[in-house]
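Peer 1: Following this message is one structure expressed as structure tokens.
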Amino acid sequence: MTDEVTVLIADDQALVRQGFGALLDAQPGLRVVGEAGDGEAAVAAVGALRPDLVLMDVRMPRMDGLEATRRILEVREAPLPRVLMLTTFDLDEYVFEALRAGASGFLLKDATAGELVHAVRVIAAGDALLAPSVTRRLIEDYATHPPAGRGGDRVPPSLTGLTAREREVLALIARGLSNAEIAAELVVAEETVKTHVSRVLNKLGLRDRAQAVVAAYESGLVVPHGK
């Protein structure tokens with residue numbers, strides 16, 4: 001990725017696209033390269049424009065953001081863009097599936113301008129946007145009560161290749177803890193935690209912490225509240 005982060009905005013509301021576009025274009029190091037009004041257009045635009053990051057609305061006509069995310073990230077040609085999901089509701093059933101599909105995080109559409117810019121920069125830098133209070137609640141809700149017909153044939157990931165300490169770190173990631181908080185919990189250096197996190201992602205073939213959270217729940221390492 002170059003110093004300039006290129007962004008594609010996919011949303012079925014023109015005013016939202018224009019507003020987000022104007023905001024992001026005004027930020028140093030960010031450049032909006034295109035817009036899409038539905039999922040099909042988003043998939044096509046990614047293929048043509050190769051953005052670094054896609055702001056993807058969850059609910060759109062013709063093809064929703066979930067299916068568009070799957071199609072974008074199932075392509076094996078590198079580099080793949082990172083996907084930041086936009087949703088109106090903090091407990092949208094599609095968001096959990098979007099994380100499964102490879103999205104790096106999500107943001108409520110009523111977020112402030114500062115929160116949007118921060119989210120784009122966090123995702124573009126290769127981190128996952130995991131607001132502990134919202135993300136953990138969402139994932140626990142759908143791990144406990146998975147939507148009918150979604151993900152039933154998915155094979156839980158195997159954690160057999162992880163060491164005991166790596167499993168411990170993965171469980172803390174699933175609780176929404178940052179590297180600094182994990183370091184404090186385990187009484188180790190933050191650099192040590194970063195090493196453990198990197199090894200967990202590599203061993204499980206995961207892109208980022210968002211997928212690590214999902215893997216922790218699906219493997220049964222972390223049991224949602226109420227189960």
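Peer 1: Whose amide H sits under 5 Å from the amide H of residue 36, counting only residues 5 or more places off or on another chain, with H placed in the peptide plane?
Peer 2: Amide H to amide H, under 5 Å and 5 or more residues apart or across chains, residue 36 pairs with 9, 10, 11.
Peer 1: Give the shape of segment 164-219 as rounded, prolate or oblate, defined through the alpha-carbon gyration tensor: a ≥ b ≥ c are the square roots of its eigenvalues, a/c under 1.5 means rounded, and otherwise the shape is prolate if a/b is larger than b/c and oblate if not.
Peer 2: Prolate.
Peer 1: Can you tell me the dipole magnitude for segment 5-129 around its Cα centre, using point charges on the Cβ only (Lys, Arg +1; Asp, Glu -1), in Debye to the nearest 20?
Peer 2: Computed charge dipole of segment 5-129: roughly 380 debye.
Peer 1: For segment 27-77, which GluC sites (Glu not before Pro) are both in a DSSP coil and crowded by at most 10 other Cβ atoms within 10 Å?
Peer 2: Taking segment 27-77 and a limit of 10 other Cβ atoms within 10 Å, the loop GluC sites (Glu not before Pro) found are 74, 77.
Peer 1: Here's something else I'd like to know. Would you mind computing, in nm to one decimal, how far apart the modelled labels at residue 40 and residue 190 are, each placed 7 Å from Cα along Cα→Cβ?
Peer 2: 4.8 nm
Peer 1: For segment 5-129, just say rounded, prolate or oblate: build the C-alpha gyration tensor, square-root its eigenvalues into a ≥ b ≥ c, call rounded for a/c under 1.5, and beyond that prolate if a/b exceeds b/c, oblate if not.
Peer 2: The shape class here is rounded.
Peer 1: Output the peptides 109-118, 163-172 sorted from most to least packed, where packing is the average of other Cβ atoms within 10 Å over each peptide's residues.
Peer 2: Order by mean packing, descending: 163-172, 109-118.
Peer 1: Using label points projected 7 Å from each Cα along Cα→Cβ, tell me how many nm separate residue 26 and residue 110, to one decimal.
Peer 2: For the pair residue 26/residue 110, the computed spacing is 2.2 nm.
Peer 1: For a quick check: with amide H placed at 1.01 Å from N, whose amide H comes under 5 Å from residue 188's, ignoring anything fewer than 5 positions away on the same chain?
Peer 2: Excluding prolines and chain starts, which carry no amide H, there are no hits.
Peer 1: Taking 7 Å along the Cα-to-C-beta vector as the label spot, tell me the residue 14-residue 125 distance in nanometres, rounded to one decimal.
Peer 2: 3.6 nm
Peer 1: Please name which of 219, 176, 187 has its Cα lying farthest along the dipole of segment 164-219 towards the positive end, using unit charges on Cβ (Lys, Arg +1; Asp, Glu -1) and the Cα centre as origin.
Peer 2: 219
Any read-out appearing in this document is the output of simple, stated calculations on the displayed coordinates, not a laboratory observation. Just so we're clear, the structure is a prediction, and the values are computed from it rather than from any experiment. Using ideal geometry, Cβ is built from the backbone for each residue, glycine included, and neighbour counts are taken over all protein chains shown.
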